[in-house]
Amino acid sequence: MLKILSRIFLFLYLVIPYLPLFGEIDRIASQWFFLSALNIICLPFVYFKAPNKDFFKIFRFKPFLGFCAFIIFCLISFIDSINLIESSVEFFRHASVLIAIINFSLLLNFSSKNRHYLFIAVIFFCCTEVLGLILQYGQGLELIGFTGNKNIASASMIIKSNFLLYLIIRYKNTFIKVFVAFLLALIYFVVFMIGSKAGMVSLVLTGLILVISIVYDRKLFKFSWVPLISLIFSSLISLQINDNVYEAVNNTINYANDSGSTDRLRYYAQAFDSFLNHPFNGVGIGNWKIYSLLYDAKFMRDYVVQYHTHNDYLQFFAEIGFGAISYLFFIVSLIYMTLKTFVFKSLLTDENKSISFIALLAISIYFLDSNLNFPASRVIMQLNLILIFSIIYNLFAKKQEHEIN
């Protein structure tokens with residue numbers, strides 16, 4: 001019964017981004033509400049039913065401690081907050097992510113087969129996102145999927161696409177390899193079709209990591225050939241039939257002529273200047289959307305306010321000062337832990353190293369996107385981050401496996 005309930009809760013977390021709109025203009029309003037409500041329901045269940053009293057073990061996991069420190073610094077930033085209401089809203093959103101990390105990570109440990117269930121569920125939702133985008137394309141609609149934004153749609157889909165490699169790792173079947181290769185090629189093609197610059201850069205990063213993995217250990221990472229070939233094939237096809245690819249590449253190279261790129265550079269400079277002026281407590285968590293008016297008023301068009309710097313780390317430095325180092329540590333330590341498994345070959349089994357590689361691909365894409373966009377403000381991206389964290393924690397927190405300290 002516990003196993004069934006844990007899987008129901010895992011599914012409910014994953015399904016939040018795909019729920020229908022409830023009359024709101026911005027879909028994240030209802031999504032944050034459902035995430036918070038699910039946390040409240042799930043937390044007592046996890047606390048009282050966690051196997052082997054695992055509830056407090058997560059508090060010894062270094063990346064988790066980094067996120068806890070980030071929450072504390074967010075709270076401290078209230079001292080210099082311009083608008084306490086905005087700070088409170090943003091603080092409770094990050095606190096919701098923290099609770100979801102606890103719940104999701106421990107739910108995954110309720111059964112040894114929950115990881116298999118989770119990977120299959122993620123693959124299902126990845127296919128759902130692809131199908132939604134294809135239907136939008138067929139109806140001549142803007143390609144934004146379930147996210148409301150093409151950059152978020154691309155990043156979410158690329159992150160989830162890495163979990164398809166699990167099918168190759170687990171089943172080692174030629175038919176499965178062909179199926180995964182086809183599905184990956186379709187996903188990459190859809191990303192090219194969307195034409196997001198961040199999506200293009202993410203695919204380049206994915207290709208580089210795949211090549212490096214093959215060079216590093218051709219035997220261990222032989223499955224990397226499947227996504228690499230799919231990526232090359234889809235890119236060649238896209239270049240022949242899709243002008244969005246050329247446009248995105250041209251805008252990336254000639255960034256001075258692209259308003260999206262020049263706006264980002266301006267936002268970065270403004271956030272950094274704000275940090276230099278308020279290095280200790282920042283301007284208050286969630287207050288950049290207000291404080292940015294002092295910098296960006298003369299650039300405003302149609303009263304559109306700059307909510308985000310398009311770089312989570314710079315925005316957190318502006319909002320909470322030096323405390324943002326804790327959030328950077330949280331993300332970088334997750335990348336470090338996955339990399340360490342390949343340096344010390346005795347730490348994990350080959351299968352778990354392959355799972356760790358999937359997590360490495362996913363967290364690398366998230367890290368790149370968080371430097372170009374604002375995934376910390378989007379529920380679907382936070383759920384992707386929670387998913388990645390839980391897998392890494394699951395690899396290193398079990399008694400029968402070696403912990404990396």
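The values are calculated or read from the model by the stated rules, or taken from the named source; none is laboratory data. Here the structure is a predicted model, which is why all the values come from computation and not from measurement. Here the Cβ is made from the backbone with ideal geometry for all residues, glycine too, and neighbour counts use every protein chain on show.
Numbers below:
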{"item": "Options Ala50, Ala37; residue that is buried (at least 17 other Cβ atoms within 10 Å of the Cβ), farther than 21 Å from Ser156 by Cα and over 20 Å from the mean Cα position of the chain (by Cα)", "result": "Ala50"}
{"item": "Top-ranked residue in segment 160-188 [being part of a helix (DSSP H, G or I) and charged (D, E, K, R); ranked as nearest to Lys113 (Cα to Cα)]", "result": "Arg170"}
{"item": "Test: residue in segment 54-62 that is crowded, with 18+ Cβ neighbours inside 10 Å and outside any loop (DSSP other than H, G, I, E, B)", "result": "yes"}
{"item": "Qualifying residue in segment 182-197 (condition: among the charged types (D, E, K, R) and either over 23 Å from Ile28 (Cβ atoms) or without any contact (Cβ under 8 Å) to a residue 24 or more places away in the chain (or both))", "result": "no"}
{"item": "Criterion violated by Arg7 - all others in (1) in a helix (DSSP H, G or I); (2) charged (D, E, K, R); (3) surrounded by fewer than 13 Cβ atoms within 10 Å (Cβ to Cβ) satisfied", "result": "(3)"}
{"item": "Pairs, first free of Cβ contacts under 8 Å to residues at least 24 places away in the same chain in segment 323-338, second of a type outside the set (A, V, I, L, M), C-beta under 7 Å, six or more apart", "result": "Leu328/Tyr313"}
{"item": "Some residue of segment 340-358 being crowded, with 21+ Cβ neighbours inside 10 Å, closer than 22 Å to Ala69 by Cβ and either among the charged types (D, E, K, R) or over 12 Å from the mean Cα position of the chain (by Cα) (or both)", "result": "no"}
{"item": "When residues of segment 263-292 are limited to those that are closer than 20 Å to Ser88 by Cβ and free of Cβ contacts under 8 Å to residues at least 60 places away in the same chain, the one farthest from the chain's Cα centre (by Cα)", "result": "Ser292"}
{"item": "Residue match in segment 350-367 (condition: at pLDDT below 95, under 29 Å from Phe9 (Cα atoms) and out of contact with any helix residue (DSSP H, G or I) (no Cβ under 7 Å at 6 or more places or on another chain))", "result": "no"}
{"item": "Yes/no for Leu368 being farther than 17 Å from Val201 by Cβ, assigned to a helix (DSSP H, G or I) and not basic (Lys, Arg)", "result": "no"}
{"item": "Matching residues, segment 315-336, being more than 14 Å from Cys74 (Cα to Cα), of a type in the set (A, V, I, L, M, F, W, C) and touching a helix residue (DSSP H, G or I) at 6+ places or on another chain (Cβ under 6 Å)", "result": "Phe329, Phe330, Ile331, Leu334, Ile335"}
{"item": "Given (1) within 30 Å of Val343 (Cα to Cα); (2) buried (at least 16 other Cβ atoms within 10 Å of the Cβ), number of the condition Ile187 does not satisfy", "result": "(1)"}
{"item": "Test result for Val204, of a type in the set (A, V, I, L, M, F, W, C) and within 26 Å of Tyr117 (Cα to Cα)", "result": "no"}
{"item": "Residue, farthest from the chain's Cα centre (by Cα), within segment 88-147, restricted to residues that are part of a loop (DSSP other than H, G, I, E, B) and among the hydrophobic types (A, V, I, L, M, F, W, C)", "result": "Leu141"}
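To keep it simple, each residue is scored yes or no on (1) in contact with a helix residue (DSSP H, G or I) (Cβ under 7 Å, 6 or more places away or on another chain); (2) modelled with pLDDT of 85 or more; (3) not in a helix (DSSP H, G or I).
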{"residue": "Ile237", "(1), (2), (3)": "yes, yes, no"}
{"residue": "Asn250", "(1), (2), (3)": "no, no, no"}
{"residue": "Asp263", "(1), (2), (3)": "no, no, no"}
{"residue": "Ile290", "(1), (2), (3)": "yes, yes, no"}
{"residue": "Asp296", "(1), (2), (3)": "yes, no, no"}
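Let's see how each residue does on (1) farther than 30 Å from Ile169 by Cβ; (2) not assigned by TED's automatic domain parsing to the domain that holds Arg7:
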residue: Ile76; (1), (2): yes, no
residue: Ile79; (1), (2): yes, no
residue: Phe92; (1), (2): yes, no
residue: Ala100; (1), (2): no, no
residue: His116; (1), (2): no, yes
residue: Gly138; (1), (2): yes, yes
